[in-house]
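Notes to accompany the following structure.
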């Protein structure tokens, strides 16, 4: 079960990704599966430029909540950006890179969170949320 702070970070990141038109948002509660983080947010983008916009939007949204990533990896050139906020790790992929790595299947034992769990409007939520 995710604590309030973790859920707030996850919801803010998901909302920002949705606002930037990321799709196939998937949130996983990995708190019972691993010790290095509590949740993953995975989302897809249509291009490398879109990837940069989504990652930048998420960082801005979380900066407004006084949260900065502990670590970032990747860039649009690598087609995958990882934003590590400690208790939440955000993965922003291009479609091709996401289908190659298939992180959802690697963490298949972790419960998925729904659109309503993330505070997203289900009518506007991209597939997978």
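The values are calculated or read from the model by the stated rules, or taken from the named source; none is laboratory data. On a predicted model such as this, the values are computed, not experimentally measured, just so you know. Heads up, the Cβs are rebuilt from the backbone with ideal geometry, glycines too, and the neighbour counts pull from every protein chain shown.
From the list 41, 113, 120, 62, which one is buried (at least 21 other Cβ atoms within 10 Å of the Cβ), under 15 Å from residue 6 (Cα atoms), out of contact with any strand residue (DSSP E or B) (no Cβ under 6 Å at 6 or more places or on another chain) and touching a residue at least 12 places away in the same chain (Cβ under 8 Å)?
One residue alone meets the criteria, 62.
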Task: Restricting region 71-110 to residues that are assigned to a helix (DSSP H, G or I) and touching a strand residue (DSSP E or B) at 6+ places or on another chain (Cβ under 7 Å), the residue that is surrounded by the most Cβ atoms within 10 Å (Cβ to Cβ) - done: 98
Open item on the list: Suppose the filter is within 10 Å of the chain's Cα centre (by Cα), part of a helix (DSSP H, G or I) and surrounded by 15 or more Cβ atoms within 10 Å (Cβ to Cβ); does residue 27 pass it?
Closed with: no
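With the requirement that a residue be under 18 Å from residue 117 (Cα atoms) and not in a strand (DSSP E or B), what does region 38-57 give you?
Start the filter on region 38-57 by keeping residues that are under 18 Å from residue 117 (Cα atoms), which leaves 38-43.
Correct list: 38 only.
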Task: Yes/no for residue 51 being within 19 Å of residue 120 (Cβ to Cβ), in contact with a strand residue (DSSP E or B) (Cβ under 8 Å, 6 or more places away or on another chain), modelled with pLDDT of 95 or more and surrounded by 20 or more Cβ atoms within 10 Å (Cβ to Cβ) - done: no
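Looking only at region 2-19, filter to residues that are in contact with a strand residue (DSSP E or B) (Cβ under 7 Å, 6 or more places away or on another chain) and surrounded by fewer than 22 Cβ atoms within 10 Å (Cβ to Cβ); which one of those is nearest to residue 85 (Cα to Cα)?
Our first condition is that a residue be in contact with a strand residue (DSSP E or B) (Cβ under 7 Å, 6 or more places away or on another chain); within region 2-19, this holds for 2, 6, 9-10, 13-14, 17-18.
When the remaining residues are screened for being surrounded by fewer than 22 Cβ atoms within 10 Å (Cβ to Cβ), the result is 2, 6.
Working: 2: 14, 6: 9 Å.
Here the residue is 6.
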TODO: Look at residue 28 and say whether it is in contact with a strand residue (DSSP E or B) (Cβ under 7 Å, 6 or more places away or on another chain), without any contact (Cβ under 8 Å) to a residue 24 or more places away in the chain and more than 20 Å from residue 121 (Cβ to Cβ).
DONE: no
